[in-house]
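Derivation of every value follows stated rules applied to the coordinates shown; laboratory data play no part. Please read all numbers here as calculations on a predicted model, not as lab measurements. Methodologically, a virtual Cβ is constructed for each residue, glycine included, from the backbone with ideal geometry; neighbour enumeration extends over all protein chains shown.
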Amino acid sequence: MSPRRPQLADLLTLSVVAQLDASATRRRIHRRDRDLFLAWQRRRDTSGWDPANATPHRRIGAWLQEGDAGVYRARLASATAWAFGLAVMLSALLGIGAAMVLFRYDGTRPINVLWVVLVFVALPLATAVVSAVGMLIGWPKATWMPGAGAWSWLWQRLSRGAWASAGTTARALAQSHAKVLRRGLLAHGWWVGQCVGLTFVVAGAATFGILLATSDLAFGWSSTLDISTEKLADAFRAAFWFAPAWAPDAAMLDATVAERATPFADRYTEDPAAFKAWWRPVLVLVLAYGVAPRLLLTGIAGLRRSRAVSRALASHPAFHEIDARMTTPFVESADGALHRDTTEPSGVPVIQAFPTVDSVLSSDGSTRTRWLSWAEAPLPREATAPLADVLAVGGEATLESDRQAIETLAGERGDTTTRIAVKAWEPPLAEFTDWLKALRERIGDGRPVEVVAMLRGDADHDKSGVWRRALDRLGDPWLRVYAAPIETEAGT
Amino acid sequence: MSVPPDPTQARSHGPSPPRFVVVGHPNKGKSSMVATLAQDDAVRIAPEPGTTTRADTFELRIDGDLLYSLIDTPGFQRARAVLAWLREHETDAAEHPAVVRRFVEIPEHAERYPDEVALLRPLVESAETTGILYVVDGSTPYGPEYEPEMEILRWTGRPRMALVNPIGSAKHVDQWRTALGQFFGTVRVFDAVDAPWVQRIELLEAFGQLDVAWQPAVKAGAQALRTDRRLRESEASTLIAASLVHALRLTEDRKLRPGEQAAAVRGPLESAYQQRLEALEHDTRDRVEEAYGFLRLQRHDEPNEAMHELLGNLFAESTWNRLGLSRTQLLAAGALSAAGGGAVLDLAAHGLSFGVFTAGGAVLGAAGAWWGGGKLPETKLLGLPLGGNLARVGPMRNPNFAFVWIGRARLHHRLVAQRTHARQDALTVDAEIPIPWSSESRKRTARLVSAVMKKPESEEVALTTTKDLTATIADLLREDAQADGTT
């Protein structure tokens with residue numbers, strides 16, 4: 001990727017894309033720009049260009065040719081080229097037209113060199129001086145230009161239909177960094193102005209040259225005012241300070257003055273050479289005062305434009321933002337592809353409150369209760385079974401102990417209630433529900449089994465709901481879940 | 001200028017990227033741990049145990065290059081049975097990892113012990129690059145039922161770290177430290193839900209202690225996250241500055257129909273103006289949250305009463321015109337157009353008119369524009385009115401508005417920057433929390449804001465102010481972050 005001089009289209013593109021990026025998330029545009037940088041790095045062996053060691057200008061220059069920016073840049077470069085071409089073409093036509101009118105010669109009157117001097121020397125010189133001063137003082141000021149709001153109605157209309165993309169681009173430009181853009185636009189405008197002015201005089205001079213070569217012209221001068229030929233000769237001598245020998249003298253001026261009273265044909269036949277001799281000083285004047293200053297100013301404006309666009313580009317906020325995004329590694333710590341379903345499981349009954357163990361343990365003595373402790377869960381004080389009768393399952397107990405507990409329970413009377421104390425703060429594990437299923441299989445349907453979630457405090461009460469929902473999913477109609485506070489424990 | 005060295009360079013020449021498998025009992029904060037460290041609020045965290053039913057990988061990548069992975073796994077469900085199987089097939093201690101691998105590879109185990117197979121599989125695949133992070137809940141007491149799973153982890157032979165996650169309370173942390181010390185070389189306490197950002201990075205760096213070969217990748221990851229954090233902070237300051245400038249320039253207009261009284265639309269206009277301000281603040285908050293990776297955050301926005309009190313009387317009536325030009329611009333346009341027409345006449349007269357038409361045209365054009373500009377609202381072109389009367393609320397005229405706006409944005413930013421991605425509760429922005437302002441920041445902000453208030457219509461002033469305000473707000477956010485320990 002070879003470096004190139006920054007152009008106005010680069011600056012405009014940067015503004016447009018920066019404006020469009022304003023609504024995007026930082027991560028998205030960071031990734032976009034960083035990916036671009038990494039793609040260049042991967043190709044550095046074949047492209048011979050390493051973005052990591054390049055200047056920011058070069059990186060941004062390359063960025064402006066890729067992706068959406070590249071599309072916008074091509075569009076804006078085309079638009080600016082067309083606008084420039086149109087202005088230059090109109091100026092050339094104007095120059096040719098003016099020359100055709102001024103150098104029209106039908107033999108009845110000589111071509112009035114004062115008009116030629118006025119149009120192709122004085123006017124270009126005056127505008128060149130004005131434009132040079134304008135360039136120097138940075139005229140016009142931005143405040144003279146209508147604000148973005150003034151054009152909003154136009155962008156709104158352009159944003160529809162076939163002009164949609166052009167409208168979007170224009171709106172983004174209008175809303176973008178006006179101050180930064182102004183610097184580049186102004187310098188570009190002056191350069192275009194100088195090119196237009198140069199084209200006018202060059203087209204005029206070229207037409208003059210062609211007419212000289214292809215027609216027999218006669219020049220003279222005339223004025224309604226009583227102009228002294230001496231004074232006029234002095235003026236010409238001053239204008240030809242660089243080549244005094246070429247300046248028309250008073251004799252030539254006297255010989256070529258066209259007077260209404262004297263038929264031109266008579267004067268012409270007196271001294272035809274004098275009327276033809278004007279072409280050389282006229283051409284020299286046009287070249288010296290029409291073309292040369294404009295050529296110089298065009299060169300200066302071109303340099304100033306290049307520098308201004310380059311500076312505006314470098315001072316554009318988006319310039320450094322994009323470069324920073326390209327050169328800063330992109331960190332991904334979350335994987336969007338792994339985003340899982342966050343909907344809560346359906347069909348889980350919500351339990352507002354559990355009956356306390358007091359209400360279910362106040363047995364009348366006729367009902368036998370077998371207590372078990374799962375994973376060393378503490379027992380409630382109301383537990384009436386002697387300690388020796390409490391079966392330990394889960395936790396430190398072996399799998400064999402779990403199996404033996406099932407056998408013990410299976411051997412008990414059919415009206416025995418099995419109550420299993422569990423820690424409410426621990427979640428129900430699959431090994432517990434596996435064991436409950438094995439127990440139900442062994443003792444058969446109908447025998448009540450109650451799970452008592454032991455609470456350390458109010459905080460555990462919510463957790464006991466987890467037990468309720470997990471055990472409900474077993475679909476065992478003889479299985480109940482209760483909660484009991486540890487403060488009432490009477491076990492160990 | 002060359003680009004600073006890429007932190008991934010250290011890794012690209014080193015060993016394969018490490019993988020940290022987060023394991024533990026169900027419902028003890030494994031997913032919270034992963035959500036916080038991966039900065040991903042989409043990690044499913046629910047009060048129901050068994051929410052995580054498969055191992056999910058969360059990678060830290062820089063420019064697409066993997067630095068390390070965090071793997072969220074299901075909890076142990078049948079640890080005693082699995083340990084019994086392992087012991088049954090034990091030959092000698094050196095073969096323990098191989099026995100674990102055999103357990104995972106037996107097809108019927110995937111059906112019988114789905115959770116254990118899912119959590120042990122990452123430990124036996126690419127075992128040499130895998131470390132274990134065992135998570136327990138420090139708010140609940142230690143119980144011997146945890147020992148089988150810790151024993152299984154010991155059998156894997158992989159480097160291990162225990163993380164005590166005090167979910168709501170640190171009551172049993174010491175008890176856990178003692179118990180875990182028997183099974184794990186490193187035991188750390190880390191609150192996955194409320195840990196300050198600095199602690200999160202410190203924990204990540206501590207993972208490098210598991211294996212010295214992993215330290216470059218882990219350090220590079222931590223450094224990248226620090227850089228990323230600064231970028232997020234910078235984006236937040238840009239968003240806040242842009243929203244403030246937007247709010248200061250905001251107007252709510254309504255073109256009045258012929259005969260309609262401005263007072264009649266005042267109420268609805270003021271209401272619409274307030275709604276737009278609120279929507280702007282709401283949108284800015286959404287984008288700040290998005291900048292910090294909160295994509296699913298619920299937020300309770302408090303009523304913006306302090307701001308409403310500052311609105312005052314912003315109602316005014318003026319005229320509008322379809323061309324959108326100011327009086328001076330209309331004048332200049334009229335003068336130039338008419339002068340151009342006059343110049344054509346001068347040219348047609350071969351200059352004999354001495355520019356009289358040009359000069360006269362300019363004067364007439366300017367006069368016409370001056371007079372016509374005033375009449376523009378009443379003029380119609382092809383049936384369309386070129387202007388009319390306008391009722392308007394705004395732009396903002398109370399300089400205190402900016403301080404309220406920034407204060408609220410700073411408060412919201414502090415809450416977002418402090419928040420971990422594991423938190424499931426809604427974010428409540430409590431306006432009662434005081435926000436400190438240094439006198440220098442206050443002066444600088446006042447100066448910048450007054451520039452916008454003087455010229456609310458100027459795009460140039462708005463852009464310059466946004467840029468300068470961004471720097472000022474970035475300083476304020478950095479001060480907040482330093483005070484909160486989030487940077």
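Quick notes on this one:
- Inter-chain neighbour count for B:59-65: the average number of beta-carbon atoms from partner chains within 10 Å of each residue's beta-carbon is 6.
- Extension gain, A:Asp249 to A:Thr46, is 66.2 nm, computed as 0.36 nm per intervening residue step minus the present C-alpha separation.
- Extended-chain gain in nm, criterion 0.36 nm per residue less alpha-carbon gap, A:Asp266 and A:Thr80: 61.5 nm
- This ranking places A:Asp33, B:Asp194, A:Asp460, A:Asp216 by how few other beta-carbon atoms lie within 10 Å of each, fewest first, which gives A:Asp216, B:Asp194, A:Asp460, A:Asp33.
- When the stretch B:133-257 is reduced to its Cα atoms, the Kirkwood hydrodynamic radius in Å: 18.0
- Phi-based couplings in Hz for the stretch B:275-289 (Karplus 6.51, -1.76, 1.60; Gly and Pro marked x): 5, 5, 4, 5, 5, 5, 5, 4, 5, 5, 4, 4, 6, 5, 4
- Arranged from fewest to most other beta-carbon atoms within 10 Å of their beta carbon, A:Lys463, B:Lys219 become B:Lys219, A:Lys463.
- A crude spin-label estimate for the pair B:Ser16 and A:Leu114, with each label 7 Å from Cα along the Cβ direction, gives 9.7 nm.
- For the residues of B:139-145, the average number of beta carbons from a partner chain within 10 Å of their own beta carbon is 6.
- Extreme residue, positive dipole direction of the stretch A:168-323, given options A:Ala203, A:Phe240, A:Trp279 (C-beta unit charges): A:Ala203
- Each of A:Met252, A:Met454 was scored by other Cβ atoms within 10 Å of its Cβ. Arranged with the fewest first, they read A:Met252, A:Met454.
- Amide H contacts for B:Tyr68 (H built 1.01 Å from N in the peptide plane; partners 5 or more residues away or on another chain; cut-off under 5 Å): B:Leu60.
- Proximity of backbone amide H atoms, modeled 1.01 Å from N, is registered between B:Ala162 and B:Tyr134, B:Thr186, B:Val187, B:Arg188 at under 5 Å, excluding neighbours fewer than 5 places apart on the same chain.
- Size of charge dipole - the stretch B:87-207 - debye, nearest 20, with Cβ of Lys, Arg +1 and Asp, Glu -1, no other charges: 320
- Cα-based shape type of the stretch B:16-163, given that a ≥ b ≥ c are square roots of the gyration tensor eigenvalues and the cut on a/c is 1.5: oblate
- For the pair the stretch A:31-70 and the stretch A:227-259, the centres of their Cα atoms are 63 angstrom apart.
- For B:Leu427, the amide hydrogen comes within under 5 Å of the amide hydrogens of B:Gln298, B:Arg299, B:His300, counting only partners 5 or more places away or on other chains and with H modelled in the peptide plane.
- Computed on the Cα trace of the stretch B:394-459, the radius of gyration divided by the Kirkwood hydrodynamic radius gives Rg/Rh = 1.09.
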